[in-house]
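Please read the structure below before turning to the comments.
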Amino acid sequence: MPAIHGVRPPDSFQGDITPFDPDQVIAQEESDHPLPKTDPWGVEDPTAPREELLTQPTEPAPPRRGGGSLTIPLLCIGIAIIACVCLLPLADENHQLAWERESLKADLAQLKEQGRVNGEFLTRVADDPTLAERLASAR
């Protein structure tokens, strides 16, 4: 029979590989003998504390070289560049809209003046019969 990948033969296990018995586990927890660090498949117990994490480093950390004296100015410069990139196109668009608004104001003033002149002309035509006669003969 060919070997199945990821499955170990029964003779490679250490300790007892009898089926699970809850009474035996409770009795083993109450005893002084700790549970084995690995299960029958060779996987470590994830709840067990690791010794390499519990030990403190024996050598002190190397002294820190160089301060952070340029950190804040460089951050400010970066933020200023980002602000310029974001705000300059908006300012240019605002300037173009203001110029267009002034152009429309000038057009509106011209149209109002033209309307006033046309209204004045119509009142003169209505009041002055000679002007009305002259306009009728010109056609």
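Since every read-out is calculated from the coordinates, none of them should be taken as a lab result. Keep in mind that this is a model prediction, so the values were computed, not measured. Because the Cβ atoms are built from the backbone with ideal geometry, glycine has one as well, and the counts that use them run over all protein chains shown.
3J(HN,Hα) along the range 122-131, derived from phi through the Karplus expression 6.51 cos²θ - 1.76 cosθ + 1.60 where θ = phi - 60°, amounts to 5, 5, 5, 5, 5, 8, 9, x, 5, 5 Hz, with x in place of Gly and Pro. Here the Karplus relation 6.51 cos²θ - 1.76 cosθ + 1.60, evaluated at θ = phi - 60°, turns the backbone of the range 80-90 into coupling constants of 5, 5, 4, 5, 5, 5, 7, 8, 4, x, 5 Hz, with x for every Gly and Pro. Candidates G68, Q114, L87 compared by Cα position along the dipole of the range 59-118: farthest toward the positive end lies G68, with charges placed on Cβ. What's the magnitude of the charge dipole for the range 68-139 around its Cα centre, counting Lys and Arg as +1 and Asp and Glu as -1 at the beta-carbon? Answer in Debye, nearest 20. That gives a dipole near 60 debye.
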